[in-house]
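Chemist: Structure in structure tokens, see below.
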Amino acid sequence: MSKNLSLKNEFLRKSIHVCNSIFAYSLLYFNQQDFTIIIALLTLFILLFEVLRNIFPMINLVFKNFFGSIIRDFESLGKLTGASFVFISTLILLLFFDKYTCIFAILVMSYSDTVAALVGKKYGKTKIFNKTLEGSLAFFIVGCIIAILIHPNIDLYTSILAVLFATIIESLPLKIDDNLSVPMSIAIFTNII
């Protein structure tokens, strides 16, 4: 367990992160209301597991044995994991935003954040707080590609501005998990403009 994962372990962690995009693709096939119920139940299950692993050391030990190489230090110390925040943010999106805003926000969270982390870890030289300029640029470029692909379901100009806003939010040293701050900033900005 380490705050600074090796490139191999970061790649493994982000491979799992990319799998979150299944939530966005599922919205193309499932009714949003029905899918919200499924995500709500899964979120409750994940949060229950988080509570149990913090109450019972044996559960936390098993968790660490399976995921120890890809979890951050704080995740092993009783804090919610990134996966928990993915479920929480997906549930909030589904409850309060339209289908294409949800799809857009989830895809940016899944792909832009993944590419930013890998590019930043491998090629990052210019530090911006605890991130790198190279990673942030990768985040923005991938987000813009997603915006182009989701257009015309969401206005292209608005979605690119939302990606820029999310890029800035993601690069700031906020105490909010980026699996929550990125999709929320995308969804809120997309709906305000």
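This table checks each residue for (1) modelled with pLDDT of 95 or more; (2) crowded, with 23+ Cβ neighbours inside 10 Å; (3) within 14 Å of Leu107 (Cβ to Cβ); (4) touching a Gly at 6+ places or on another chain (Cβ under 6 Å).
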site: Gly135; (1), (2), (3), (4): yes, yes, no, yes
site: Ala138; (1), (2), (3), (4): yes, yes, no, no
site: Gly143; (1), (2), (3), (4): yes, yes, yes, no
site: Leu149; (1), (2), (3), (4): yes, no, yes, no
site: Thr167; (1), (2), (3), (4): yes, yes, no, no
site: Pro183; (1), (2), (3), (4): yes, yes, yes, no
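Chemist: Let me ask you something else. Of the conditions (1) within 30 Å of Leu42 (Cα to Cα); (2) touching a helix residue (DSSP H, G or I) at 6+ places or on another chain (Cβ under 9 Å); (3) of a type outside the set (Lys, Arg), Pro173 satisfies every one except a single condition; which number is it?
Modeler: (2) is the only condition that Pro173 fails.
Chemist: Right, here's the next one. From the list Ser76, Ser89, Ser26, Ser84, which residue is touching a Lys or Arg at 6+ places or on another chain (Cβ under 7 Å), surrounded by 15 or more Cβ atoms within 10 Å (Cβ to Cβ) and of a type in the set (Gly, Ala, Ser)?
Modeler: Ser76 is the lone residue from the list that is touching a Lys or Arg at 6+ places or on another chain (Cβ under 7 Å), surrounded by 15 or more Cβ atoms within 10 Å (Cβ to Cβ) and of a type in the set (Gly, Ala, Ser).
Chemist: Please return the ranges of helices (runs of 4 or more DSSP H) entirely within segment 1-99 where 3 or more residues are modelled with pLDDT of 90 or more and not basic (Lys, Arg).
Modeler: The helices (runs of 4 or more DSSP H) meeting that bar are 21-26, 32-55, 82-96.
Chemist: Restricting attention to segment 4-23, which residues are surrounded by fewer than 16 Cβ atoms within 10 Å (Cβ to Cβ), within 17 Å of the chain's Cα centre (by Cα) and over 30 Å from Phe97 (Cβ atoms)?
Modeler: Leu12
Chemist: So if I check each of Thr36, Thr43, which one is under 16 Å from the mean Cα position of the chain (by Cα) and either of a type outside the set (Phe, Trp, Tyr) or surrounded by fewer than 20 Cβ atoms within 10 Å (Cβ to Cβ) (or both)?
Modeler: Selected residue: Thr43, the only one of Thr36, Thr43 that is under 16 Å from the mean Cα position of the chain (by Cα) and either of a type outside the set (Phe, Trp, Tyr) or surrounded by fewer than 20 Cβ atoms within 10 Å (Cβ to Cβ) (or both).
The values are calculated or read from the model by the stated rules, or taken from the named source; none is laboratory data. These numbers were taken from a predicted model, which means no experiment stands behind them. Cβ coordinates were reconstructed from backbone atoms using ideal geometry, including for glycine residues, and neighbour counts include every protein chain displayed.
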